[in-house]
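The values are calculated or read from the model by the stated rules, or taken from the named source; none is laboratory data. Keep in mind it's a predicted model, so treat the numbers as computed, not measured. Cβ placement follows ideal geometry from the backbone for every residue including glycine, while neighbour counts extend to all protein chains displayed.
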Ligand code: SAH
């Protein structure tokens, strides 16, 4: 009779489970530690890379396990240095992740879901609908791939991570948290939590949960309007998560974490480019200590939304800054390869 062993993805095992496996197979428990380091710290993609294990032991692992690594299939480089990766997951689905180089930083922008369920009217990812959540290792691997690109193409380390790729991180909360735990752990990438930013459409109860969980990373909220009527018309999530609930959740966040929030805000012609809108944002920005990033609109081909005039942006800037709110205008990067905010849509 032929014995068939169905292979498991070894990275689904916790360190303790791996130890148990080794002991059960007559090996020393410390081997588990070595393998774990290869898998996470050194991001090994095959068992043959694990050169401090005997060939026999590597073969035994191959019999029982696979390493389901993501594959970067299509890398595009923008004229401004930005790199966009099309990332194939083990089941053939594709997400995108972006390396954004600036003078001081190299930032990895990673996806948390295949597609997105939120239906923000101005965002290309919304059109893909949500297919599934990414697993913790699929999120982790995107960071590793960009870390390797940073070293290879720029000779510099990865400095920051933003969850601003495809999907809503707070709707895949436990996997995002597991990935961040690995990214920040000494057995993983040993990156500081304060270099990580999770961006959310603003799901009130999840912001409160993060506060309760005592997370140490930064929070960004895609606000885009501080008037319910307008926000609901462009972001359907606002119907069930209106601004006063968001404000309550943010107060709760600040009470517990003492961390500021960053608002992402696009100013569009005819939608939110008047002083009434700017004043509403000013008021909202005082709910808890905050910063505002006015981000440039990246057209997503149907022309319904257009970037507001420079005068409108300056009006916002002046009003906010004169009332003590740190405000930055963020130019988009990677536009020529559809790698900018809201443009991730698996076009390739
Ligand atoms: N779902 C999360 C993570 C996505 S981050 C969130 O909503 O925050 C992507 C950021 O780009 C969000 O701030 C989003 O509102 C913004 N964005 C979406 N489409 C855009 C576009 N066409 N131009 C500029 N920014 C856009």
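Given the condition within 21 Å of the chain's Cα centre (by Cα) and in the same structural domain as residue 84 (by TED's automatic domain parsing), answer yes or no: does some residue in region 280-290 qualify?
First, the residues of region 280-290 that are within 21 Å of the chain's Cα centre (by Cα): 290.
Next cut, in the same structural domain as residue 84 (by TED's automatic domain parsing) only: 290.
Checked against the condition, which is being within 21 Å of the chain's Cα centre (by Cα) and in the same structural domain as residue 84 (by TED's automatic domain parsing), region 280-290 yields at least one hit.
Restricting to strands (runs of 3 or more DSSP E) lying wholly in region 20-124: which have 1 or more residues that are crowded, with 20+ Cβ neighbours inside 10 Å and under 19 Å from the mean Cα position of the chain (by Cα)?
Details: elements: 71-77, 83-88, 94-101, 106-109.
Passing ranges, in order: 83-88, 94-101, 106-109.
Check whether at least one residue in region 163-174 is assigned by TED's automatic domain parsing to the domain that holds residue 75 and more than 16 Å from the ligand (Cβ to nearest atom), and report yes or no.
Within region 163-174, the subset assigned by TED's automatic domain parsing to the domain that holds residue 75 is 163-174.
Next cut, more than 16 Å from the ligand (Cβ to nearest atom) only: 174.
There is at least one residue in region 163-174 that is assigned by TED's automatic domain parsing to the domain that holds residue 75 and more than 16 Å from the ligand (Cβ to nearest atom).
Residue by residue, here is whether (1) more than 13 Å from the ligand (Cβ to nearest atom); (2) at pLDDT below 95; (3) in the same structural domain as residue 213 (by TED's automatic domain parsing); (4) on the phi > 0 side of the Ramachandran plot holds:
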residue: 92; (1), (2), (3), (4): yes, yes, yes, yes
residue: 97; (1), (2), (3), (4): no, no, yes, no
residue: 105; (1), (2), (3), (4): yes, no, yes, no
residue: 143; (1), (2), (3), (4): yes, no, yes, no
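Restricting to region 309-333, name every residue that is in contact with a strand residue (DSSP E or B) (Cβ under 6 Å, 6 or more places away or on another chain) and within 12 Å of the ligand (Cβ to nearest atom).
Answer for region 309-333, where residues must be in contact with a strand residue (DSSP E or B) (Cβ under 6 Å, 6 or more places away or on another chain) and within 12 Å of the ligand (Cβ to nearest atom): 330, 333.
Checking residue 76 against (1) in contact with a strand residue (DSSP E or B) (Cβ under 6 Å, 6 or more places away or on another chain); (2) within 27 Å of residue 170 (Cα to Cα); (3) more than 16 Å from the ligand (Cβ to nearest atom), only one condition comes out false. Which one?
(2)
Would you confirm whether any residue within region 178-191 is part of a helix (DSSP H, G or I), near the ligand (Cβ under 10 Å from one of its atoms) and touching a strand residue (DSSP E or B) at 6+ places or on another chain (Cβ under 9 Å)?
Applying the first criterion (part of a helix (DSSP H, G or I)) to region 178-191 yields 178-184.
Retained after the next criterion (residues that are near the ligand (Cβ under 10 Å from one of its atoms)): none.
Within region 178-191, not a single residue is part of a helix (DSSP H, G or I), near the ligand (Cβ under 10 Å from one of its atoms) and touching a strand residue (DSSP E or B) at 6+ places or on another chain (Cβ under 9 Å).
If I ask for residues that are closer than 15 Å to residue 314 by Cβ and out of contact with any helix residue (DSSP H, G or I) (no Cβ under 6 Å at 6 or more places or on another chain), which ones from region 250-271 would you list?
Of all residues in region 250-271, those closer than 15 Å to residue 314 by Cβ come to 265, 267, 269.
Passing the criteria: 265, 269.
Name the residue, out of 235, 208, 166, that is in contact (Cβ under 8 Å) with a residue 12 or more places away in the chain, over 17 Å from the mean Cα position of the chain (by Cα) and within 16 Å of residue 126 (Cβ to Cβ).
Numbers: 208 fails: within 16 Å of residue 126 (Cβ to Cβ); 166 fails: over 17 Å from the mean Cα position of the chain (by Cα).
235 is the lone residue from the list that is in contact (Cβ under 8 Å) with a residue 12 or more places away in the chain, over 17 Å from the mean Cα position of the chain (by Cα) and within 16 Å of residue 126 (Cβ to Cβ).
Being within 14 Å of the ligand (Cβ to nearest atom) and surrounded by 16 or more Cβ atoms within 10 Å (Cβ to Cβ) narrows it down to one residue among 158, 128; which is it? Before the answer, list the steps.
Details: 158 fails: within 14 Å of the ligand (Cβ to nearest atom).
Just one listed residue meets the conditions, 128.
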